[in-house]
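Data first, discussion second: the structure below is written as structure tokens.
The values are calculated or read from the model by the stated rules, or taken from the named source; none is laboratory data. Just so it is clear, the structure is predicted and the values come from calculations on it, not from any experiment. What goes into the accessible areas is simple: the full protein's heavy atoms, side chains included, and nothing from ligands, DNA or RNA. Shrake-Rupley method; radii C 1.70, N 1.55, O 1.52, S 1.80 Å.
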Amino acid sequence: MSVNRHRRFTKPEMPLDLVRRHLEPGPVVLVTSAHGSSRNVMTLGWQTVMEFSPSLVGCMISAANHSFELIRQSGSCVINVPPASLIDTVVGIGNISGADVDKFETFGLTTEPGVEVAAPSIAECFASFECRISDDRLVTSHNFFIFEVVRATAARLARPSRTLHYTGDGVFMISGRRVDRSALFDPRML
């Protein structure tokens, strides 16, 4: 007979609008876009991997955001992953509209031209994923874009960069210690 030695939790009911604090799927990213003579960078705290091959990423981008129409019109963007050290820049970018200012200049970001898309990548970010819209059926009803990554670049770092994870109400978590359990996995499941 086995004995359950795992901790059990008492879980009082919580407000539904706080669920995101427990389910945020990934790091905060900076999404760059360009169409015609306009370009923008926005902070995005909600994206999710949807498929491995082809590499599909889903992003909810509010229609009220200046980037929404740039991405919709161009059909593309770049998802840039900033290190945790850029936290104040990430917050600043999220607090102003690209319709009013050039956020690249305002925050001193270095742009690099896209290879597969018109949007630039950001040199201060350790990974950049050039994307094209793969499926836009949920854009009108839910502001949800499904992107296919068509080009990916990432710095080779001595140790993994720490990333930001937004939990709501102006509070972030910074990724912490990594724990390797790859030896326990069936190689087909890695």
Summarise the accessible area of the stretch 38-190 (1.4 Å probe, protein heavy atoms) by the percent that is carbon and sulfur. 52 percent
Semi-axes of the equivalent ellipsoid for the stretch 109-190, please: Cα gyration tensor eigenvalues, times 5, square-rooted, ordered largest first, whole Å. 26, 20, 19
For the stretch 134-174, state the semi-axes of the equivalent ellipsoid (square roots of 5 times the eigenvalues of the alpha-carbon gyration tensor), sorted largest first and rounded to whole angstrom. 28, 21, 4
Using only helices, what value at 222 nm comes out for the chain when you add -39,500 (n - 2.57) per DSSP H run of length 4 or more and divide by the total residues, to the nearest 500 deg cm²/dmol? -3500 deg cm²/dmol
Provide the solvent-accessible area of VAL57, counting protein heavy atoms only and rolling a 1.4 Å probe, rounded to the nearest 10 Å². 20 Å²
In the list (1) 124; (2) 181; (3) 134, the entry giving volume of the Cα convex hull per residue in Å³ computed from the coordinates is (2)
Per residue, how large is the accessible surface of the chain? Use a 1.4 angstrom probe and give square angstrom. 65 Å²
Express in Å², to the nearest 10, the accessible area of HIS35 obtained by rolling a 1.4 Å probe over the protein heavy atoms while all chains stay in place. 80 Å²
Tell me, what HN-Hα J-couplings in whole Hz come from the Karplus equation 6.51 cos²θ - 1.76 cosθ + 1.60 at θ = phi - 60° for each residue of the stretch 115-128, using x for Gly and Pro? 9, 9, 9, 6, 5, x, 9, 10, 5, 7, 9, 7, 8, 9
